[in-house]
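Encoded as structure tokens, the structure appears first; notes follow it.
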Amino acid sequence: MNKHIRVVFLSIAATVLATPTAGFTQAYPAKPIRMVTQFAAGSGGDALTRVAATYLSTTMHQPVVIENRAGAGGVQAAEAIARAAPDGYTIGALTPGVVVVRVVVGTPFSIDPNKDLVPLTAVGQTGSLIVANASAPVNSLRELIDYARKYPGKLSYATSGIGSPHHMAAEEIQLLTGTQMVHVPYKAGAQAMTDVITGVIPIGFMIVSEVAPQVKAGKIKLLASREAHRLRQFPSLPAVAEIIPGFEPMPGWTGLFAPVGIPAAIFSRLNSDILRTLKLPEVEEKINQAGFEVIANTPEQFAAQIKSEQALVAKVAKAANIKLE
């Protein structure tokens, strides 16, 4: 296992410090709460966090204000969250790119997410798909595997970047099937989608919100769900796990975190309000409309999930020799 995982997430009991809070927690929250996110305004992740923030404001009777800190693959947002006062008035929304992948295969940065952030809950999971240009020589995942075996190194595939969950999933598929394709990383999923549509790249690994409009327009073909299960938006589309034995889906969630040191009483109140909000039917409906499925797990479940995903990414990254600068 990568040396950066020698200490995974500290136990919730250990990281939520038992600092004196008498008189302080009784009034919590007494002012607006800041939610720092790694997403650019208008992105799919931004839409998800704004739904959560809007309804959490009602639950907590205080505004929850989004602060977009896009940049460096989530590093800027993670640093801002970790360096904030651990008083319950700053939380943050991050993805596996910085909390799982970069921890395992990236170079160290100014904070250690394993030590400096406390997981609250995974909010939502975005469905991901393997797609092909309308004129690509494959029409299913089985055909893709057969073609890649027959013509090793001839097919190229697009993702939203080196080390992204899409890239890691593609490498896992190749390792399990003995195939070889050429990875073409992009800075953003929208750019990758454009080149798949126009035929510059025949294959793409994309999130549902990017794919759905293009499927309706007949500009791309669906090959498989890049998940362990079929997606509700495309129930007839097989999942990769149905086709490739042993495939484990790469993480694709957006989760909420707090700075380490947050008082236990405040952490408990914050977490219970978040989970109660996410389980509201109207919130689930709006999150589904944004292209996500609600998760809403406990801090302990979320921490265990992250630990498991770090181990999976470490295994695939080592086998495929993937490294981030």
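Of the candidates Leu237, Leu275, the single residue that is under 22 Å from the mean Cα position of the chain (by Cα), part of a loop (DSSP other than H, G, I, E, B) and modelled with pLDDT of 95 or more is Leu237.
Matching residues to (1) within 26 Å of Leu175 (Cβ to Cβ); (2) of a type outside the set (A, V, I, L, M); (3) at pLDDT 95 or above:
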| position | (1), (2), (3) |
| --- | --- |
| Phe109 | no, yes, no |
| Asp112 | no, yes, yes |
| Asp116 | no, yes, yes |
| Gln125 | yes, yes, no |
| Ala132 | yes, no, yes |
| Ser140 | yes, yes, yes |
| Ile145 | yes, no, yes |
| Arg149 | yes, yes, yes |
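Between Glu79, Glu67, the distinction of being in contact with a strand residue (DSSP E or B) (Cβ under 7 Å, 6 or more places away or on another chain), over 28 Å from Ala212 (Cβ atoms) and free of Cβ contacts under 8 Å to residues at least 40 places away in the same chain belongs to Glu67 only.
Residues being over 15 Å from Thr277 (Cα atoms) and surrounded by 15 or more Cβ atoms within 10 Å (Cβ to Cβ): count how many of those fall in the range 36-71. Break it down stepwise before answering.
As a first pass, look at the range 36-71 and keep what is over 15 Å from Thr277 (Cα atoms): 36-47, 65-71.
If we keep only those that are surrounded by 15 or more Cβ atoms within 10 Å (Cβ to Cβ) too, we end up with 36-39, 43-47, 66, 68-70.
Number satisfying all stated conditions: 13.
Of all the numbered requirements in (1) within 19 Å of Ala317 (Cα to Cα); (2) of a type outside the set (S, T, N, Q); (3) surrounded by fewer than 20 Cβ atoms within 10 Å (Cβ to Cβ); (4) within 20 Å of the chain's Cα centre (by Cα), Lys187 misses one, and that requirement is (1).
In the range 263-291, the residues that are exposed (fewer than 15 other Cβ atoms within 10 Å of the Cβ) form Cβ pairs under 9 Å with partners that are of a type in the set (Gly, Ala, Ser) and part of a helix (DSSP H, G or I), at six or more places apart or across chains, as follows: Gln289/Ala47.
Within the range 197-207, can one find any residue that is within 24 Å of Gly124 (Cα to Cα), modelled with pLDDT under 95 and not aromatic (Phe, Trp, Tyr)? Yes, some residue in the range 197-207 is within 24 Å of Gly124 (Cα to Cα), modelled with pLDDT under 95 and not aromatic (Phe, Trp, Tyr).
For the range 76-83, the condition of being at pLDDT 95 or above, assigned by TED's automatic domain parsing to the domain that holds Leu175, crowded, with 23+ Cβ neighbours inside 10 Å and assigned to a helix (DSSP H, G or I) holds for none of the residues. Those strands (runs of 3 or more DSSP E) of the range 130-230 in which 3 or more residues are of a type outside the set (Val, Ile, Thr) occupy 156-159, 203-207, 220-225.
Of the residues in the range 43-64, how many are under 22 Å from Glu210 (Cβ atoms) and in a helix (DSSP H, G or I)? Step through it out loud before you land on a result.
First, the residues of the range 43-64 that are under 22 Å from Glu210 (Cβ atoms): 43-52.
Subset that is in a helix (DSSP H, G or I): 44-52.
Residues in the range 43-64 being under 22 Å from Glu210 (Cβ atoms) and in a helix (DSSP H, G or I): 9 in total.
Filtered by the rule that a residue be out of contact with any helix residue (DSSP H, G or I) (no Cβ under 8 Å at 6 or more places or on another chain) and among the charged types (D, E, K, R), the range 156-212 gives Lys187, Asp195. Taking residues in the range 127-151 that are in contact (Cβ under 8 Å) with a residue 24 or more places away in the chain, and partners anywhere that are of a type in the set (A, V, I, L, M, F, W, C) and assigned to a loop (DSSP other than H, G, I, E, B), the pairs with Cβ atoms closer than 6 Å and at least 6 places apart or on different chains are Ala132/Val138; Leu144/Val138; Ala148/Leu155; Ala148/Met181.
The values are calculated or read from the model by the stated rules, or taken from the named source; none is laboratory data. Everything numeric here is computed off the predicted structure, so don't read it as measured data. All Cβ positions, glycine included, derive from the backbone under ideal geometry; neighbour counts span all protein chains shown.
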